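Participant: Submitted below is the structure of interest, expressed as structure tokens.
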Amino acid sequence: MTQLKQAVSLILFFVLLCPTSTFAISIPDELKLGKEYLQLMKNKDVILYDPVAQKMIEIVGNAIVKPLPPQPFHFDFFMVNDDSFNAFAMPAANIFVHSGLIASLDNIDELAGILAHEIGHAVGRHVSQSIDRSKIVATGSLAGMVAGILVGAAAGSSEAGQALSIGSMAAGQSAMLTYTRENETEADQKAVLFLEQTGYSPQGILDSLLKIRQADYQGIENIPDYFKTHPGTAARVSHLSGILADYKPPADKPAPPKNFDYNMVKYRVIGLYGDTDTYIPKIEIALQNDPDNVAFHYGLGLLYGRSTRINEGIEQLNKALNKDPFEPMILLELGRLYISNTEYTRAITILDSMADDPLLGDWAIFNRCVAQIQNGNLPAAEKGLEHVLGSGKPGFEKANYHMAEIMSRQSKQALSNYYLGVYYARIHDEQNAARQLERAIETLDDEKMREKAQNELENLEGKGKKEEGTRIEYFNNFITPHQNA
């Protein structure tokens with residue numbers, strides 16, 4: 001074990017300190033690619049801005065990054081709206097976790113293991129190497145790999161993306177097999193070393209890989225390794241099992257940072273983004289075996305709320321609240337379901353109680369504004385929405401829609417057009433956005449608001465041209481993401 005750790009340490013030392021000139025693209029070029037690729041992902045609306053899951057991922061990811069030597073990139077972490085068991089690193093240390101991964105893992109150590117592996121890819125600049133390798137692969141192959149992630153996630157199904165990726169990779173991906181597997185081994189070795197310094201158990205990465213292998217046995221094991229997003233899973237399990245066979249944590253290993261109850265976040269992700277037909281029967285059975293499990297009641301309540309069973313959803317959330325009366329996650333979603341059930345006054349009372357919560361307070365204010373609009377308290381709703389929009393946080397695109405509703409009810413049609421235009425721009429409906437903004441520019445009396453509308457319209461037009469140029473540049477230069485959990 002000692003010899004192996006020494007060897008891994010030497011590898012890590014070399015990779016961390018070797019000059020960047022040995023890599024195919026410069027750091028500024030990779031930063032540019034990372035920024036453009038991240039914008040492409042955002043424009044495709046595949047990123048989930050769930051405040052709780054996002055915060056949990058950031059806490060774990062940043063705890064792993066913190067002890068590392070200075071890095072050329074700032075690490076950012078995101079969640080992708082996709083049911084598959086996967087995570088991947090993109091150029092410039094942008095790390096993505098699929099919602100299906102959160103739903104499949106059992107504890108924070110497993111999540112830390114996956115993130116440490118992806119951070120290992122970023123530290124080793126494997127994405128940069130992958131871009132260099134892609135130059136020898138057919139353009140169609142790499143275009144398909146790019147589209148595979150985006151199509152699969154946007155469709156909410158990994159099968160569509162996987163089919164597209166598999167079909168287009170066949171021509172050239174096998175040429176990169178050995179190198180990719182070396183990257184995987186190196187990232188696993190790095191992950192073990194990183195986790196030793198964080199308080200998370202390295203056993204988590206092995207446990208997560210065992211779950212991947214179990215998924216393989218359930219349906220995709222007959223697909224060759226080079227067609228899968230997790231190449232060499234069996235070999236990685238064997239290698240890590242050897243490393244961890246006699247592993248003992250260091251005596252001075254720190255405690256991991258405080259975080260959320262993983263099960264609560266897991267069942268929040270399942271409840272808000274998972275397939276209702278798949279998960280409702282599973283959690284109903286689980287509750288029969290463990291009727292006091294708060295996370296089960298919470299997740300099932302959210303799933304019922306997304307179906308036609310809103311009253312049952314409210315009942316389940318109240319059961320969860322009875323067991324944990326001050327949990328903001330439960331309070332927020334209970335207030336939201338009361339709005340769906342047209343119980344606006346009750347919703348406002350609950351949401352008022354958590355408006356100052358440091359993480360979910362703005363979401364409570366936003367939902368309270370929706371209830372206030374329905375109750376006719378337009379001034380209070382307008383003030384609250386101004387606060388939410390002024391925060392600049394992602395995920396509040398619909399606040400513009402509700403502002404447009406308020407303006408319309410107050411017979412301020414020009415302002416309604418403006419906010420509706422901004423709303424459509426934020427959800428990437430460029431045609432309707434342009435139409436509404438043009439109407440606003442024609443009719444707004446306030447010069448500052450007219451200028452804001454003009455700027456929005458110009459940004460919309462400029463973004464369309466930039467997206468087309470970026471798309472052509474990516475496909476012409478054979479650029480592919482590295483997608484290996």
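Any read-out appearing in this document is the output of simple, stated calculations on the displayed coordinates, not a laboratory observation. As the structure is a prediction and not an experimental result, all values here were calculated from the model. All Cβ positions, even for glycine, are placed from backbone atoms using ideal geometry, and neighbour counts span all protein chains on display.
Participant: Find the relative contact order for the stretch 252-355 and round it to a whole percent, using C-alpha pairs within less than 8 Å whose residues are 6+ positions apart.
Facilitator: Value for the stretch 252-355: 20 percent.
Participant: Something else: Suppose the Debye formula is applied to equal point scatterers at every Cα of the stretch 239-287; what is log10 I(q)/I(0) at q = 0.17, 0.30 Å⁻¹?
Facilitator: -0.75, -1.14
Participant: Here's another thing I want to ask about it. Over the stretch 291-400, what relative contact order in percent results from Cα pairs under 8 Å that are six or more residues apart?
Facilitator: 16 percent
Participant: A further question on this structure: Sorted from largest to smallest, which semi-axis lengths in Å does the alpha carbon gyration tensor of the stretch 227-329 give for its equivalent ellipsoid, taking the root of 5 times each eigenvalue?
Facilitator: Working through the eigenvalues yields semi-axes of 35, 21, 12 Å.
Participant: Once you've got the Cα coordinates, tell me which of LYS35/LYS66; LYS258/LYS319; LYS55/LYS190; LYS44/LYS258; LYS383/LYS448 are over 29 Å apart.
Facilitator: LYS44/LYS258
Participant: Separate question: For the pair GLU447 and LYS282, how long in nm is the line joining their label points, each one 7 Å along Cα→Cβ?
Facilitator: Placing both labels 7 Å along Cα→Cβ, they lie 6.0 nm apart.
Participant: Then there's this: Counting alpha carbon pairs within less than 8 Å and at least 6 residues apart, what relative contact order, in whole percent, applies to the stretch 367-436?
Facilitator: Answer for the stretch 367-436 is 21 percent.
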